[in-house]
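Working notes for the structure below.
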């Protein structure tokens, strides 16, 4: 599997990032270990998680995904083969959220302990914290890099204006800058990224690692009616895509998949991988069979005609018609 540079960080990552949000949630520990081993065996090296995964599950406190990854690192002894990305900032309990210096340094230690490692390759601000000065946040990240506890830093869920401001502050202060951006971006959710964030990322040479690459599974083609999503973990999100525009996108995915001997999920990921500004879309798997299917997107080279067909079917301008 080819490698792509993540900004100017020196990190070289696989063009498909394995999402760790399912570890300890819809994939138990044994299954998670199999998925991680299989991903590595197929040439992958980039895993993304967050301290808050999976606090939304009843009975969970957060840290479940990091804990499973830590146990896998210890058992497999494969830590050195993985570019590990995790995130900080989402609420982990009373007074445990945000991007203040004190909290970042505290949360980093908690993540390192759960992950059973002494460094994080890519430490990301999970979402902007406008109550904390950007200078304070960036100085804290700079401290972690100086201590060797983080190799590079990234931003997730930042507006274009705040991202530009953060990059300028790092430049002025001589601090490490955000080298990556993790936005929501897929064939359905295009306008916010393409109109505002993509120009900033390209100008700065950031590595973009979008989440919800398959729109919560909708772009896999397995959810085509409200009946299909009843009882599913992400039903509340998928229902937002069940409209005229969503069905138009699925139709185009079906056509391109047939032309390329693939399936909708592979095509949707291949469309992202082919976009010049994208370093590696994030995709999660709950089985090794599903993972093999996702990894296959890396080898799928879409024709220019196929990309145009998908672009037109999913054009944000069509949203009003949905």
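The values are calculated or read from the model by the stated rules, or taken from the named source; none is laboratory data. Keep in mind that this is a model prediction, so the values were computed, not measured. Reconstructed Cβ throughout: ideal geometry from the backbone, glycine too, with neighbour counts over all protein chains shown.
Just for region 139-162: of the residues that are assigned to a helix (DSSP H, G or I) and in contact with a strand residue (DSSP E or B) (Cβ under 8 Å, 6 or more places away or on another chain), which one is surrounded by the most Cβ atoms within 10 Å (Cβ to Cβ)?
Looking at residues that are assigned to a helix (DSSP H, G or I) and in contact with a strand residue (DSSP E or B) (Cβ under 8 Å, 6 or more places away or on another chain), I get 141.
Return yes when residue 291 is assigned to a helix (DSSP H, G or I), more than 17 Å from residue 186 (Cα to Cα), at pLDDT 95 or above and touching a helix residue (DSSP H, G or I) at 6+ places or on another chain (Cβ under 7 Å) and no when it is not.
Yes.
Read through the list (1) modelled with pLDDT of 95 or more; (2) within 30 Å of residue 57 (Cα to Cα); (3) not in a loop (DSSP other than H, G, I, E, B), then give the number of the only condition that residue 271 fails.
Condition not satisfied by residue 271: (2).
Yes or no: residue 164 more than 18 Å from residue 209 (Cα to Cα) and at pLDDT 95 or above?
In short, no.
If you take the residues of region 50-66 that are touching a residue at least 24 places away in the same chain (Cβ under 8 Å) and surrounded by fewer than 19 Cβ atoms within 10 Å (Cβ to Cβ), which of them is nearest to residue 12 (Cα to Cα)?
The extreme case among them is 55.
Are there any pairs with C-beta distances below 7 angstrom linking a residue in region 94-123 that is at positive phi and in contact (Cβ under 8 Å) with a residue 24 or more places away in the chain to a residue that is buried (at least 16 other Cβ atoms within 10 Å of the Cβ) and assigned to a helix (DSSP H, G or I), with the two at least 6 apart or on different chains, and if so which?
116/70; 116/73
Given the options 304, 316, 281, name the one that is without any contact (Cβ under 8 Å) to a residue 24 or more places away in the chain and either over 28 Å from residue 202 (Cα atoms) or out of contact with any strand residue (DSSP E or B) (no Cβ under 6 Å at 6 or more places or on another chain) (or both).
304
Among the residues of region 202-220, are any surrounded by fewer than 19 Cβ atoms within 10 Å (Cβ to Cβ), in contact (Cβ under 8 Å) with a residue 24 or more places away in the chain, under 20 Å from the mean Cα position of the chain (by Cα) and part of a loop (DSSP other than H, G, I, E, B)?
Looking for residues that are surrounded by fewer than 19 Cβ atoms within 10 Å (Cβ to Cβ), in contact (Cβ under 8 Å) with a residue 24 or more places away in the chain, under 20 Å from the mean Cα position of the chain (by Cα) and part of a loop (DSSP other than H, G, I, E, B), one finds at least one in region 202-220, hence yes.
Testing residue 122 on (1) within 22 Å of residue 45 (Cβ to Cβ); (2) over 22 Å from the mean Cα position of the chain (by Cα), one condition comes back false. Which one is that?
So the condition that residue 122 fails would be (2).
Take region 88-105 and flag every residue that is under 15 Å from residue 148 (Cα atoms) and either in contact with a strand residue (DSSP E or B) (Cβ under 7 Å, 6 or more places away or on another chain) or surrounded by fewer than 16 Cβ atoms within 10 Å (Cβ to Cβ) (or both).
Result: 104, single match.
Go through region 1-24 and give me each residue that's out of contact with any helix residue (DSSP H, G or I) (no Cβ under 7 Å at 6 or more places or on another chain) and either closer than 16 Å to residue 87 by Cβ or buried (at least 18 other Cβ atoms within 10 Å of the Cβ) (or both).
Correct list: 6, 7, 9, 11, 13, 14, 17, 19, 22.
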